[in-house]
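Data block below; observations after.
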Amino acid sequence: MPGESDKKQTHHGSLNPNYRIQKQSLKKVDEYVEGILSGNRTVLSQAITLIESSNPDHREMGEEILEKCLPHSAGSLRIGVTGVPGVGKSTFIESLGKHLLEQGKKIAVLTVDPSSSRSKGSILGDKTRMPFLSTHSRAYVRPSPTSGALGGVAGKTREAILLCEAAGFSTVFVETVGVGQSETAVKLMVDIFLLLMLAGAGDELQGIKRGIMEMADLIAINKAEAENLIAARQAKMEYQNALSLFPSQPSGWKPPVLTCSALKGEGISEIWQQVESYFRQTRENGFFEQNRKEQAVFWMRETIESRLRQNFYEHPEIRIRIPQLEKKVAAGKISPVKAAGKLLAQVGKDQK
């Protein structure tokens, strides 16, 4: 059956990003574009895999696909969701996603799983944590490994957002790992930044820093149910007081603090009402459009830095000399600054 085939391809693609590329021949760029614009989720997954690939030829093809899809993107609402492990991010997105699907929307969820710094392996279990969304015809869940990327966001998440928009998804969620890395990366690729919190846990346990709270456009105290309800309400008051001490946001929006139970679906509709209010206000005052323009420029600069770094380490002479100089630096025979200068001078010499 076609449906079973699609599921099988998507499953393998999420577990091993190189699976499809290894097992079947590549399509032409226009075939990928046509598939994405028609809403074919299998083709969308294949295109995202090309963008995430470490193979330069695959990446180049992925970039061509992205450029052709760009005029059809930018039509969704981009929502970032962060919070420490155990706060219930996946359950929250599943619950909010159900609410949006009931309104007839199409939603995409780009989840990011932690990669091992040693093996580079990733669990990629978000599909099992979002069983309803993973099997719904108007929802798309794409797990990606962090691969050490800033803020727990896969390096190509922004490009994946654009492809999802071109595929017709009206709301795109980006779920971060939330293990204490800088959340700046996700803030700079979404329109609204939701911070999930727990009641009855100290700042040390939650790993919440003032900077993350300052970036939040909405704070939700999750798991506000049963014996935890009173603590959740108390936490709500405390966070509201804390936010009142922060400077005003550039958006002109005053971040609300709400309570919810993602597991029971309580408080979810109220949260979405606040999200819609945020979008109305920021569109009216011009912040929404200006913010997207600034984000696009930021990611252009980030890409330049990333490519320069990549080209540097892929330089044949540099690859030979780095291990040699590392040994000298470790032995104290040369300073790190001088060693770096020698390597940079090598690149400059070759460019003349």
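Taking the condition within 14 Å of D191 (Cα to Cα), assigned by TED's automatic domain parsing to the domain that holds L96 and not polar (S, T, N, Q), does E266 pass?
no
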Taking only pairs six or more apart or across chains, which ones have beta-carbon atoms under 6 Å, a first residue in the range 272-295 that is over 16 Å from Q103 (Cβ atoms) and in contact (Cβ under 8 Å) with a residue 12 or more places away in the chain, and a second residue that is assigned to a helix (DSSP H, G or I) and of a type outside the set (F, W, Y)?
F288/T282
I need a count of the residues in the range 70-91 that are under 19 Å from the mean Cα position of the chain (by Cα) and over 30 Å from G265 (Cβ atoms).
3
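Of all residues in the range 269-287, how many are in contact with an Asp or Glu (Cβ under 8 Å, 6 or more places away or on another chain) and either over 20 Å from I107 (Cα atoms) or not assigned by TED's automatic domain parsing to the domain that holds L77 (or both)? So that I can check it myself, show each step before the final result.
If we filter the range 269-287 for residues that are in contact with an Asp or Glu (Cβ under 8 Å, 6 or more places away or on another chain), which is where we start, we get 278-279, 282-283.
Now narrow it down to the ones that are either over 20 Å from I107 (Cα atoms) or not assigned by TED's automatic domain parsing to the domain that holds L77 (or both): 282-283.
So the answer is 2.
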When (1) over 30 Å from I192 (Cβ atoms); (2) at pLDDT below 95; (3) surrounded by 12 or more Cβ atoms within 10 Å (Cβ to Cβ) are applied to V329, the one that fails is (2)
Subset of the range 174-184 that is at pLDDT 70 or above, crowded, with 20+ Cβ neighbours inside 10 Å and more than 8 Å from the chain's Cα centre (by Cα) - its residue that is farthest from L218 (Cα to Cα)
V177
Extreme residue, modelled with the lowest pLDDT, among residues of the range 306-326 that are loosely packed, with under 12 Cβ neighbours inside 10 Å and among the basic types (K, R):
R307
Can you pull out the residues in the range 290-305 that are surrounded by 11 or more Cβ atoms within 10 Å (Cβ to Cβ) and either over 21 Å from L70 (Cα atoms) or touching a Leu at 6+ places or on another chain (Cβ under 7 Å) (or both)?
Q295, F298
Looking for something touching a Pro at 6+ places or on another chain (Cβ under 6 Å) and closer than 24 Å to R233 by Cα - is there at least one such residue anywhere in the range 262-274?
yes
List every residue pair whose Cβ atoms lie under 9 Å apart, where the two residues are 6 or more positions apart in sequence or sit on different chains, the first residue falls within the range 334-352 and is at pLDDT below 90, and the second residue, located anywhere, is not in a helix (DSSP H, G or I).
Q346/H315; V347/H315; D350/H315
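Sort through G80, G86, G97, G104 and tell me the only one that's modelled with pLDDT under 90, in the same structural domain as S170 (by TED's automatic domain parsing) and of a type outside the set (A, V, I, L, M, F, W, C). Step through it out loud before you land on a result.
Working: G80 fails: modelled with pLDDT under 90; G97 fails: modelled with pLDDT under 90; G104 fails: modelled with pLDDT under 90.
None of the others qualify; the one that does is G86.
Hey, any hits in the range 277-286 for a residue that's under 21 Å from the mean Cα position of the chain (by Cα) and either at pLDDT 95 or above or more than 30 Å from L196 (Cβ to Cβ) (or both)?
Step one: of the range 277-286, the residues under 21 Å from the mean Cα position of the chain (by Cα) are 278-279.
Filter once more, keeping what is either at pLDDT 95 or above or more than 30 Å from L196 (Cβ to Cβ) (or both): 278-279.
Within the range 277-286 (the criterion being under 21 Å from the mean Cα position of the chain (by Cα) and either at pLDDT 95 or above or more than 30 Å from L196 (Cβ to Cβ) (or both)), the answer is yes, since at least one residue qualifies.
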Is the range 64-80 home to any residue that is touching a helix residue (DSSP H, G or I) at 6+ places or on another chain (Cβ under 6 Å), free of Cβ contacts under 8 Å to residues at least 40 places away in the same chain and either in a helix (DSSP H, G or I) or over 16 Å from A262 (Cα atoms) (or both)?
yes
Of (1) out of contact with any strand residue (DSSP E or B) (no Cβ under 6 Å at 6 or more places or on another chain); (2) at pLDDT 95 or above, D217 satisfies all except one. Which?
(1)
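The values are calculated or read from the model by the stated rules, or taken from the named source; none is laboratory data. Bear in mind the structure is a predicted one, so any value in this text is a computation, not a measurement. As a convention, Cβ positions derive from the backbone with ideal geometry for all residues, glycine included, and neighbour counts pool all protein chains shown.
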